[in-house]
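Asker: Supplied in structure tokens, the structure appears directly below.
The values are calculated or read from the model by the stated rules, or taken from the named source; none is laboratory data. Being a predicted model, the structure only gives us computed values, none of them experimental. Glycine also receives a Cβ, built like all others from the backbone with ideal geometry; neighbour counts cover every protein chain displayed.
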Amino acid sequence: MNKTNIYQLRRTKLAEQILAKTGGGIAIISTAPELARNRDSEFPYRHDSDFYYLTGFEEPGATLVMKVTGNGKNCQLQSHLFCRPKDPEREIWDGIRLGPEAAPEALGIEYAHSNKELDQKLSDLLADEDAVYIRLAESAEADRRLRHWMKQVRAQARSGINPPSEFHDVEALIHEMRLFKDAQEIDIMRRAAAISARAHIRAMQVCKPGMREYHLEAELLHEFRNSGSQSVAYNSIVAGGANSCILHYRAGSTELRSGELCLIDAGCELDGYASDITRTFPVNGKFTGPQRALYDITLAAQEAAIAMTRPGNTFMQPHEAALKVLTQGLLDEKLLKLTELGSLENAIETGAYRRFYMHRTSHWLGMDVHDVGSYREASQDATGEEKPWRILKSGMVITVEPGLYVRPANDVDEKFWNIGIRIEDDAVISDSGCELISRGAPVKADEIEALMKNA
């Protein structure tokens, strides 16, 4: 199946859901705007994920409008793409534009127009439609444009034209679709994870005491781009020593010192899809006793979580499995006091572990590094209690990333101070369990030490 057909099928699936929900309607999805970085420069452009998921189109200034009609199972869809017109002068400066003339054949879209015609044509497309599917409360600018289009339709009331009366959240439908990856998406994510794994290996191999965090960040970026990925999936975390205990620390200028750990949380984006890998390793290539003790606990917690990452289990079961191992390890190493807490169960119930482990073990992964999709089931029991956690199913992709972070404190043994450890892999849920697509980067302490020794 070619790429154009994939996007056509996604639009058709969305249209069928709109037909089933409201008997038809109009869906409007715009791509991301360009953003100024400073006075004469923009941030590197990145398309909106929902828009790209339905079109495969990466240029800014574009809007997809889907007009859905039909009855019963007879779904009729007209897709209109509004994009930047060809402009030889601007293309000299900013690059070649596809243009509305070439867009239908290139993207499998029925109709394409200049984005300068959007306001004019939207009033025609919205006329006599009952239901509109948009991003609700997306932005003040989006709300302003919708009010403008509605005003144009209402102005035609004397001609017998009625404006839409229902507004629905299009994201709810698209995000449920994006939660389940098809074979093409999983193939891209496998390749992205393989590139990122090589980048982590490269960082381990070159790491030496006296280097700075930004040196390792440069090695990551080199491998990402040299292997064909278009960008980072998120700002790379390269955290030496005490910085490893800061969850979202960005690579800075801190010197990497012998006897300390370096935590790297980094992944590339390939063809619109993210990878997300974390590895923690000793700067000098050899774990100290306390570092190794906490590392082995974290790895055991990850393995426990991986064992629970399978269809039929809930999203929370891997976290609960990791939490049990981590908390028992904290008790074993006297970071938590059994004499004060009484039992493992009480240490978990009271949240005593949270000073050392304060995040969940997993999140969805896909076009966005923290990908879309509800973490709760749609159903709710008659008692009105909180919706149950999502059941894992084949085609979902999640991360598995337990960690331990020990900051200096009077009641903490000094040998553990400033040890921050996280181990993260990307898991594709399959019918039989899960496939770890990021294990190209070594994860066992002995393997890491051997890699660094032989570098």
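Asker: Can you pull out every residue in segment 204-224 that is touching a residue at least 40 places away in the same chain (Cβ under 8 Å) and either out of contact with any helix residue (DSSP H, G or I) (no Cβ under 9 Å at 6 or more places or on another chain) or in a loop (DSSP other than H, G, I, E, B) (or both)?
Answerer: 207, 208, 209, 210, 211, 212
Asker: So residue 113 clears everything in (1) touching a Ser or Thr at 6+ places or on another chain (Cβ under 7 Å); (2) over 20 Å from residue 166 (Cα atoms); (3) crowded, with 18+ Cβ neighbours inside 10 Å except one condition, right? Which one?
Answerer: Exception for residue 113: condition (1).
Asker: Does segment 433-443 contain any residue that is modelled with pLDDT under 95 and under 29 Å from residue 49 (Cβ atoms)?
Answerer: Yes.
Asker: While we're looking at this one, here's another question. Look at segment 355-382 and say how many of its residues are modelled with pLDDT of 95 or more and small (Gly, Ala, Ser).
Answerer: 4
Asker: Tell me which residues, restricted to segment 149-192, are assigned to a helix (DSSP H, G or I), under 30 Å from residue 373 (Cα atoms) and small (Gly, Ala, Ser).
Answerer: 172, 183, 192
Asker: Report the residue count in segment 235-283 for those that are assigned to a loop (DSSP other than H, G, I, E, B), of a type outside the set (A, V, I, L, M, F, W, C) and surrounded by fewer than 18 Cβ atoms within 10 Å (Cβ to Cβ).
Answerer: Qualifying residue count for the region: 8.
Here's the yes/no breakdown for (1) assigned to a helix (DSSP H, G or I); (2) closer than 12 Å to residue 280 by Cα; (3) of a type in the set (S, T, N, Q):
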{"site": "399", "(1), (2), (3)": "no, no, yes"}
{"site": "410", "(1), (2), (3)": "no, no, yes"}
{"site": "428", "(1), (2), (3)": "no, no, no"}
{"site": "434", "(1), (2), (3)": "no, no, no"}
{"site": "439", "(1), (2), (3)": "no, no, no"}
{"site": "443", "(1), (2), (3)": "no, yes, no"}
{"site": "450", "(1), (2), (3)": "yes, no, no"}
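Asker: Can you confirm whether residue 258 is touching a residue at least 12 places away in the same chain (Cβ under 8 Å), among the polar types (S, T, N, Q) and within 30 Å of residue 56 (Cα to Cα)?
Answerer: When the stated conditions are applied, residue 258 does not pass them.
Asker: Examine segment 89-102 for a residue that is surrounded by 15 or more Cβ atoms within 10 Å (Cβ to Cβ) and assigned to a loop (DSSP other than H, G, I, E, B), and state whether such a residue exists.
Answerer: Yes: one or more hits.
Asker: Take residues that are of a type outside the set (Lys, Arg) and surrounded by 18 or more Cβ atoms within 10 Å (Cβ to Cβ) and tell me which of the strands (runs of 3 or more DSSP E) falling wholly in segment 1-85 contain 3 or more.
Answerer: The qualifying strands (runs of 3 or more DSSP E) are 25-30, 63-71, 74-83.
Asker: Is it the case that residue 302 is more than 14 Å from residue 401 (Cα to Cα), touching a residue at least 12 places away in the same chain (Cβ under 8 Å) and outside any loop (DSSP other than H, G, I, E, B)?
Answerer: The answer is no for residue 302.
Asker: Within the set of pairs 6+ apart or on separate chains, which have a first residue in segment 225-236 that is within 11 Å of residue 250 (Cβ to Cβ), a second that is among the charged types (D, E, K, R), and C-beta atoms under 6 Å apart?
Answerer: Listed pairs, sorted by first residue: 235/250; 236/217.
Asker: While we're looking at this one, here's another question. On the given criteria, is residue 288 surrounded by fewer than 24 Cβ atoms within 10 Å (Cβ to Cβ), closer than 25 Å to residue 335 by Cα and at pLDDT 95 or above?
Answerer: yes
Asker: From 374, 362, 343, grab the single residue that is more than 21 Å from the chain's Cα centre (by Cα) and among the hydroxyl-bearing types (Ser, Thr, Tyr).
Answerer: When all the criteria are applied, what remains is 343.
Asker: Take the conditions surrounded by 14 or more Cβ atoms within 10 Å (Cβ to Cβ), in contact (Cβ under 8 Å) with a residue 24 or more places away in the chain, in the same structural domain as residue 236 (by TED's automatic domain parsing) and of a type in the set (A, V, I, L, M) and apply them to residue 195. Does it pass?
Answerer: The answer is yes for residue 195.
Asker: Please go through segment 144-163 and pick out each residue that is farther than 17 Å from residue 65 by Cβ and surrounded by 12 or more Cβ atoms within 10 Å (Cβ to Cβ).
Answerer: Selection gives 154, 155, 156, 161, 162.
Asker: Right, something else. Taking residue 322, is it of a type in the set (Gly, Ala, Ser), in contact with a Ser or Thr (Cβ under 7 Å, 6 or more places away or on another chain) and at pLDDT 95 or above?
Answerer: Taking the combined requirement at face value, the residue satisfies it.
Asker: Among the numbered criteria (1) surrounded by 18 or more Cβ atoms within 10 Å (Cβ to Cβ); (2) modelled with pLDDT of 95 or more, which one does residue 172 miss?
Answerer: Only one criterion in (1) surrounded by 18 or more Cβ atoms within 10 Å (Cβ to Cβ); (2) modelled with pLDDT of 95 or more is unmet by residue 172, namely (1).
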